[in-house]
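So the structure is just underneath, and the comments pick up after that.
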Amino acid sequence: ILYADDEQLIGIAESIDTKADEIGGFVTQMVKASGEDFLNIEVRKDGFYLSQLIKKTTAYYEDKLKLLRTQFQVGAYKDCMLKGDFDRSVEVVQNMMENAVKYGDGRSISLEFAEEDGCVLVTVKNSGNTLPETELLYIFDSFWRGSNTKRCSGSGLGLYICRSLMQRMDGDIFAQVQEGDMCVTAVFRK
């Protein structure tokens with residue numbers, strides 16, 4: 001027995017409770033500070049061509065996906081000028097690609113394009129969705145990690161940052177499951 005009487009045990013339990021509250025407060029402050037840092041990410045609102053974004057993405061992923069024996073397809077597109085920050089847009093698409101590599105089944109990943117209401121939709125689609133559709137609503141929340149992440153490391157911040165960046169460029173990002181494949185789509189204004 002560690003403690004001789006109930007009074008000592010109650011005192012220790014209260015002390016542990018107080019320390020746990022202090023630690024919780026520190027964690028809350030850290031999360032808040034981290035969120036504020038993400039919100040202060042600088043984003044330029046100039047322009048770039050869709051072909052530049054595709055070229056930068058494929059230059060890196062073609063070789064990487066060959067090594068992984070993952071089929072990589074780039075769909076047809078009509079080149080046009082997009083509004084936003086080129087470097088930040090590359091970060092968004094690369095994060096979408098990294099998630100496809102991490103959480104797909106490794107068979108195939110594709111970049112697909114569509115135009116809708118003065119916007120260009122850039123979709124990264126991977127075979128083998130491992131995320132339940134009921135969790136799609138949460139994947140853009142900060143520090144949230146899906147039930148499919150047990151075998152993969154990560155912070156739960158990638159898609160949260162992507163959403164913040166896209167919104168700062170007057171765009172958006174969303175996810176959906178189509179015929180068993182995971183599709184994450186960044187919406188760029190023309």
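Residue separation times 0.36 nm, minus the C-alpha to C-alpha distance between Lys78 and Ser51: what's the value?
That works out to 8.9 nm of additional length.
When the solvent-accessible surface of protein heavy atoms is calculated with a 1.4 angstrom probe, in what order do Asp117, Asp181 fall, highest first?
Result, largest first: Asp117, Asp181.
Would you mind putting 50-62, 88-100 in packing order, based on average other-beta-carbon counts within 10 Å, highest first? Before the final figure, lay out each step's value.
On the way: 50-62: 15.8, 88-100: 21.2.
Ranked from most to least packed, the peptides come out as 88-100, 50-62.
Return the long-range amide H neighbours of Asp105 (sequence gap of 5 or more, or a different chain), with a cut-off of under 5 Å between placed amide H atoms.
It is Ser127, Gly128, by chain and number.
Once you have the Cα-Cα distance between Lys190 and Glu98, take 0.36 nm times their residue separation minus that, and quote the gain in nm to one decimal. Don't skip to the end; give the middle numbers.
Numbers: separation 92, 0.36 × 92 = 33.12 nm, distance 2.52 nm.
So the extension gain works out to 30.6 nm.
Cα-Cα over 28 Å: which of Lys125/Lys190; Lys45/Lys66; Lys45/Lys102?
Working: Lys125/Lys190 22 Å; Lys45/Lys66 34 Å; Lys45/Lys102 30 Å.
Too far apart for the 28 Å limit: Lys45/Lys66; Lys45/Lys102.
With a sphere of radius 12 Å drawn around the Cβ of Gln71, what net charge do the other residues whose Cβ falls strictly inside it have (Lys, Arg +1; Asp, Glu -1)?
Values: positive: Lys66, Arg69, Arg107, Lys125; negative: Glu62, Asp105.
Net charge around Gln71: +2.
Which FRET efficiency, nearest 0.05, do Ala114 and Leu137 yield, Cβ-Cβ r, R0 25 Å?
Values: r = 23 Å, r/R0 = 0.90.
Efficiency computed from Cβ-Cβ geometry: 0.65.
The values are calculated or read from the model by the stated rules, or taken from the named source; none is laboratory data. Small disclaimer: the values here were computed from a predicted structure and weren't measured. Neighbour counts run over all protein chains shown; Cβ positions are idealised from the backbone, glycine included. When the accessible area is computed, the model is the full protein with side chains, heavy atoms only, and any ligands, DNA or RNA have been set aside. Shrake-Rupley method; radii C 1.70, N 1.55, O 1.52, S 1.80 Å.
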